[in-house]
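In what follows, a single structure is set out as structure tokens and then discussed.
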Amino acid sequence: MFNLNLVKSYSRSEIIFIILFTVLIFIVPIFYINSIGMSDDEAAYLVIGNRISNGSVLYRDVSDVKFPGTYYLAAFINSIFGKSLIAARIFVSIFHAASAIVIYFLGTKIKDKKVGMIASIFFLIAAYIPIFQGYFFKAEPFAVFFLLASALCFLKKGHRNNLLAGVFLGIGVLFKQTAILLFGVYFLYYLLQLRFKDNQTKQYFLDSAKNLVLIFLGVTLSIIPVFLYFFLVGAMNEFLYYSVYFLSFYNLPFQFLFKLNLWINGFFSYLPIWLLFLGMLSFIFYEYLKGKKTDTKNLLLGLSAIILLYPAVTIILNQRVLFAIPAISILAAIMFQRIYKNLKKPNFSKKYKLFFITILISTAVISAGLNTFLYTSFIEASNIDDQIKNFDEIKQYIDGKVHIFPNDNVLFFFSNFTPAVKYLGLVFNDDMAQQVVKDLKANNVSFIVGEKNFINRMEKKEIELSNPRYIIFDYIQINYKVIAVTNISYIYKLKEET
């Protein structure tokens, strides 16, 4: 029964927060869950998760170059709901909601309840901005939740909380390797405070070292059982190769220089919040460089934003931004509150009031317009119905083992085909390419589905000749022949031996 007295007990800001929170966690995902087409990474997670739920061992029987957390979550979802994209994306929305709640508590602890509410909404907005891709079933939404849990424990202090901060950090790492950067944040947080005389003591050094050791111990406690599992199932070498060793080949520095339009879209999509964040960040580090005793919690947020934003900025502002969004959201919320309080002062300049209000409204309109355009563009470029239609067209030509080149696992999700090779991800080096070729030979794979645009670019040598995928491409050209061409693919069939 509706309780009017309960509603009256809430303040106006709390009611607005509850409405916005509800809209963002229940209404907005509806536009994504069964409309925008699958991404390659999302398909890989779900296809491999399906294989795991049917008895395959990750890395030994089927592999990609990521840590195991998201694959096993996909396997869990598949074991309960079957092969369901909707179920997978609902899980993403649940984790976003949980992360927003933790951000609320973080913001409340760092500043106050209003900052917590504003930061929570800022985070949920970012989670569903098209260019940030937070709606896909990828590792970031799950890793972010555990990193937030780690940060909340870290702020509570105490030996047990530091250990728990490490445990949650370790779980986050199991979803995404780059989550380990949060340990670097903790280390720098203690290190930078040595600038202040109060902290230049033996006791501070010992306490900081002890806390870091406890955090590291917690990380170890989370990760060791996973290493032990892969050792016991005889997949330790493969686990280390695909989840750790491959990183030495993953060299994609500053891709944003070559994809400036995506970088610009990422900035303007979140424009008012970026500006609030940058303003607050400037205050924090200005005070620090001047030697003023700044709020250490704000310093922690500033470090988190910068360090966790690095992987996204050096590539493009895509889903990797989600790692830094919690810190960015809280700092932006603090700055928003500061501006709002000044605007309410009767002696505050009307000229400046008009300036801030104009900036806020204009940047919000720009971001809303851009995100509407991007969402529409994404729907037109890739929606689920079109993907199913395209792959239904492909399936009619195939009646045997099939491999997708380069690695479009969406076909496997929308069909009953089983991947014919072990490795299903991007090929980063010659060794991986040769392994794919070896599997094609050993499994006598009858059909290859080649992405048309990619094949054409390879034939025209528009892709650098040192690209390891030429090893696979050359093998296909020699041993297979084209039997059909669809809107998106070349269908190859294995040549008969003469």
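What follows is calculated from the coordinates using simple rules that are stated; it is not laboratory data. Nothing here was measured: the structure is a model prediction, and the numbers come from that model. Neighbour counts are summed over all protein chains in view; Cβ atoms, including those assigned to glycine, are modelled from backbone coordinates with ideal geometry.
On the beta carbon distance between I180 and N34, with R0 = 22 Å, the FRET formula returns roughly 0.05.
Extension gain, K290 to L354: 0.36 nm times the residue separation minus the Cα-Cα distance gives 19.9 nm.
Under 15 Å from a label point set 7 Å out along the Cα-to-Cβ vector of K441, the amide N atoms of segment 459-488 belong to 471-480. Helix 260-269 and the longest principal axis of the C-alpha atoms of the chain enclose an angle of approximately 40°. Taking every DSSP beta bridge that has both ends in the chain, the antiparallel portion is near 60%. Computed over the chain, relative contact order equals 17 percent, with contacts defined as Cα pairs under 8 Å that lie 6+ residues apart. The label-point distance for L343 and K452, in a model that sets each label 7 Å from Cα toward Cβ, rounds to 5.1 nm. Of the peptides 165-172, 387-394, the ranking by mean beta-carbon count within 10 Å, highest at the top, reads 165-172, 387-394.
Were the residues from F81 through Q477 laid out at 0.36 nm apart, the gain over their Cα-Cα distance would be 138.6 nm. Tally Lys/Arg at +1 and Asp/Glu at -1 over every other residue whose Cβ is under 14 Å from the Cβ of G116; what's the total? Summing Lys and Arg as +1 and Asp and Glu as -1 gives +3. Bridgeable lysines around K176 (alpha carbons under 18 Å apart, same-chain partners fewer than 8 residues away excluded): K66, K138. Listed by chain and number, the aspartates and glutamates whose alpha-carbon sits under 14 Å from that of K297, ignoring those within fewer than 8 places in the same chain, are D112, E287. Placing pseudo-labels 7 Å out from each Cα toward the beta carbon at T201 and E380 gives an inter-label distance of 6.4 nm. Bridges between two residues of segment 385-494, per DSSP, are antiparallel at a rate of about 65%.
In plain terms, if you count all Cα to Cα distances in the chain and split them into 10 Å steps from zero, the share in each step is 4, 17, 27, 25, 16, 8, 3, 1, 0, 0 percent.
Ordering I16, L411, L309 by Cα displacement along the dipole of the chain toward the positive end leaves I16 in first place; charges were set at the Cβ atoms of Lys, Arg (+1) and Asp, Glu (-1).
Seen through its C-alpha gyration tensor, with square-root eigenvalues sorted a ≥ b ≥ c, segment 256-388 comes out oblate because a/c lies at 1.5 or above while a/b is not bigger than b/c.
Does segment 76-165 come out rounded, prolate or oblate by the C-alpha gyration tensor, with a ≥ b ≥ c the root eigenvalues, rounded set by a/c under 1.5 and, if not, prolate when a/b is larger than b/c and oblate if not? Here segment 76-165 falls in the oblate category. The packing ranking, built from the mean of other Cβ atoms within 10 Å per residue, places the peptides 224-234, 400-410, 343-353 in the order 400-410, 224-234, 343-353, highest first. For D61 and I18, the difference between the fully extended length at 0.36 nm per residue and the C-alpha to C-alpha distance is 10.9 nm.
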